[in-house]
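See below for the structure under consideration.
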Amino acid sequence: MSELEQTRRDAIRTLAVTAAAIPAITLGRSASAASAKPSSTAPLTHPAARHTLRNGTLQAGIVGFGVRAREIYNGFLDDDAVDIVSVADVVDARTAEGVRRVNERRKNDACRAAKDWREIVHDPRIDFVIVTTPDHWHAEPAIVAALAGKHVYCEKPLSLTIAEGRAIANAARATGIRFQTGSQQRSEYGHMFVRAAEAVRNGRIGKISKITVGVGESPKPCDLPSEPLPEGIDWEGWLGQAPLRGFSSTLCPIGVHNNYPAWRNYREYCNGGLADMGAHHFDIAQWALAMDESGPREVIPPENGAKTGLRFIYADGVELVHGGPTDCTFFGSEGTIEVSRGHLRAYRGSDRSAPDAPEILADPTGNELRLPRNTSHIADFLAAIREGRDPICTAETGHRTATICQLANIGYEVGTPLRWNPVTERFECANAELGNALIARAVRKHT
């Protein structure tokens, strides 16, 4: 049996029974080998992933049409050779709004409502799937879309658990599809994050000793009261793998809403503010350290039970800290770089009152590394499909960044230092069983 066929069979069994078994998507190998760093050999390619574009056009479907989908769908339609032909959401009003907006933009009625995400990923017309659901609903449509030979653009954080992230990355690699994780700081915001990561990797501030990332805290268990279920909402479909509970408009707003829903605060559906923005800023830290396919070795929570201050230690001794004065601050032996979405500066030493040192952030010269300057994150994804290359933030990269956030939450929950193996993706220490028990979650069987 081929690796791809084994992957498909494992995935179908996994997704039909329980997401707790998602680590079974192992490309036909042992669990430890499945978690290992992907080889540099060419990926297996599902025949369906070798798309011949119809008159040069790519056709897409959107799974989930909330605020984030409304923010990005035009980015795909800015490309005249892209059509969105299907939209699905668990709220009928949002499905209808997605269809209306797309057809209004294209001035036709080519986009239609889908019954649910399964209809989209199995639609033979569709070349790629845009997953803009709550985090606990990323894994299933992303994996099934990959197994169906569809390319995938999936919002960050990539996964709810480390096990889910590994399954997504394995499925993308095994099928050879193009997969972009929505960590758009690698492509946008005036390339400020690009310049910061580039300067770090080119040694402009010397040897890196510490990076601080100023993001939110871990999630809490959901304690919201139940409300009457309105018509036009598939609440079972919204819950999916999450524990059964009554409807809450805080989790799933009624109709077409204009706010980011608070499901981000609750561990059943997300990994809190730590992962919500951490999926952006820890991603830049990983990128600057050239750790897109690896990660830290130690997870050290604060001794006083604080909700920030957890430290990661990499094999070379670099310390990555949850908490800091800016989104990302890089401390080197010869200087410091601070970067946020509206802020980029570099200076000599570590005193923030020091004068700016713009030469640190100057364009690369000679043999220095130059990171890509994409016109947009979406444009990079579409170009990757057409050119047959990886985009700037693959499933593997998205998984490794999500893992940082998940390791932090595990560290805070366990409360004692843990040693992590980024190759096997398991804890290996005296209290390893405490951490390893949290790599995956028991999940409710759902349709």
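For this structure, a couple of remarks:
- Note on segment 111-124: residues that are surrounded by 14 or more Cβ atoms within 10 Å (Cβ to Cβ) and more than 11 Å from A145 (Cα to Cα) amount to 5.
- For segment 168-189, a residue qualifies if it is of a type in the set (G, A, S) and touching a Gly at 6+ places or on another chain (Cβ under 9 Å), and the qualifying residues are A169, G176, G182, S183.
- Criterion (among the hydrophobic types (A, V, I, L, M, F, W, C), surrounded by fewer than 21 Cβ atoms within 10 Å (Cβ to Cβ) and within 23 Å of A395 (Cβ to Cβ)) met by exactly one of A262, A290: A290
- Test set (1) of a type outside the set (D, E, K, R); (2) within 27 Å of N265 (Cβ to Cβ); (3) within 24 Å of the chain's Cα centre (by Cα) - I392 fails condition number: (2)
- One residue stands out in segment 381-425 among those that are among the aliphatic types (A, V, I, L, M) and surrounded by fewer than 21 Cβ atoms within 10 Å (Cβ to Cβ): the one that is farthest from V82 (Cα to Cα), namely V414.
- Residues located in segment 200-230, provided they are part of a loop (DSSP other than H, G, I, E, B), touching a helix residue (DSSP H, G or I) at 6+ places or on another chain (Cβ under 8 Å), over 20 Å from D276 (Cα atoms) and not basic (K, R): I205, L229
- Test: E231 is charged (D, E, K, R), over 20 Å from R68 (Cβ atoms), buried (at least 16 other Cβ atoms within 10 Å of the Cβ) and out of contact with any Cys (no Cβ under 9 Å at 6 or more places or on another chain): no
Let's see how each residue does on (1) under 21 Å from the mean Cα position of the chain (by Cα); (2) more than 19 Å from P157 (Cα to Cα):
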position: S187; (1), (2): yes, no
position: H191; (1), (2): yes, yes
position: V194; (1), (2): yes, yes
position: N202; (1), (2): no, yes
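Here is a yes/no grid of residues against (1) under 28 Å from S248 (Cα atoms); (2) out of contact with any Gly (no Cβ under 6 Å at 6 or more places or on another chain); (3) assigned to a loop (DSSP other than H, G, I, E, B); (4) free of Cβ contacts under 8 Å to residues at least 12 places away in the same chain:
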{"position": "A93", "(1), (2), (3), (4)": "yes, no, no, no"}
{"position": "E97", "(1), (2), (3), (4)": "yes, yes, no, no"}
{"position": "R101", "(1), (2), (3), (4)": "yes, yes, no, no"}
{"position": "R105", "(1), (2), (3), (4)": "no, yes, no, no"}
{"position": "N108", "(1), (2), (3), (4)": "no, yes, yes, yes"}
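- Counting only residues that are over 23 Å from the mean Cα position of the chain (by Cα), surrounded by fewer than 18 Cβ atoms within 10 Å (Cβ to Cβ) and either assigned to a strand (DSSP E or B) or at pLDDT below 95 (or both), segment 308-344 holds 2 of them.
- Meets criteria (over 24 Å from the mean Cα position of the chain (by Cα), outside any loop (DSSP other than H, G, I, E, B) and of a type outside the set (D, E, K, R)) for L434: yes
- Subset of segment 292-348 [over 24 Å from G273 (Cβ atoms) and among the small types (G, A, S)]: S294, A315, G317, G332, S333, G335, A346
- Within segment 406-434, tally of residues that are within 17 Å of S159 (Cβ to Cβ) and touching a strand residue (DSSP E or B) at 6+ places or on another chain (Cβ under 9 Å): 5
- For E396, the criteria (1) out of contact with any helix residue (DSSP H, G or I) (no Cβ under 9 Å at 6 or more places or on another chain); (2) in a helix (DSSP H, G or I); (3) under 30 Å from V299 (Cβ atoms) hold in every case but one, which is (1).
- On the stretch given as segment 147-197, residues that are in contact with an Asp or Glu (Cβ under 8 Å, 6 or more places away or on another chain), in a helix (DSSP H, G or I) and not hydrophobic (A, V, I, L, M, F, W, C) total 4.
- If you go through segment 238-259 and pick out every residue that is among the small types (G, A, S) and surrounded by 18 or more Cβ atoms within 10 Å (Cβ to Cβ), you end up with 3.
The values are calculated or read from the model by the stated rules, or taken from the named source; none is laboratory data. Note that the structure is predicted; figures quoted are calculated from it, not measured. Positions of Cβ are backbone-derived with ideal geometry, glycine not excepted, and every protein chain shown enters the neighbour counts.
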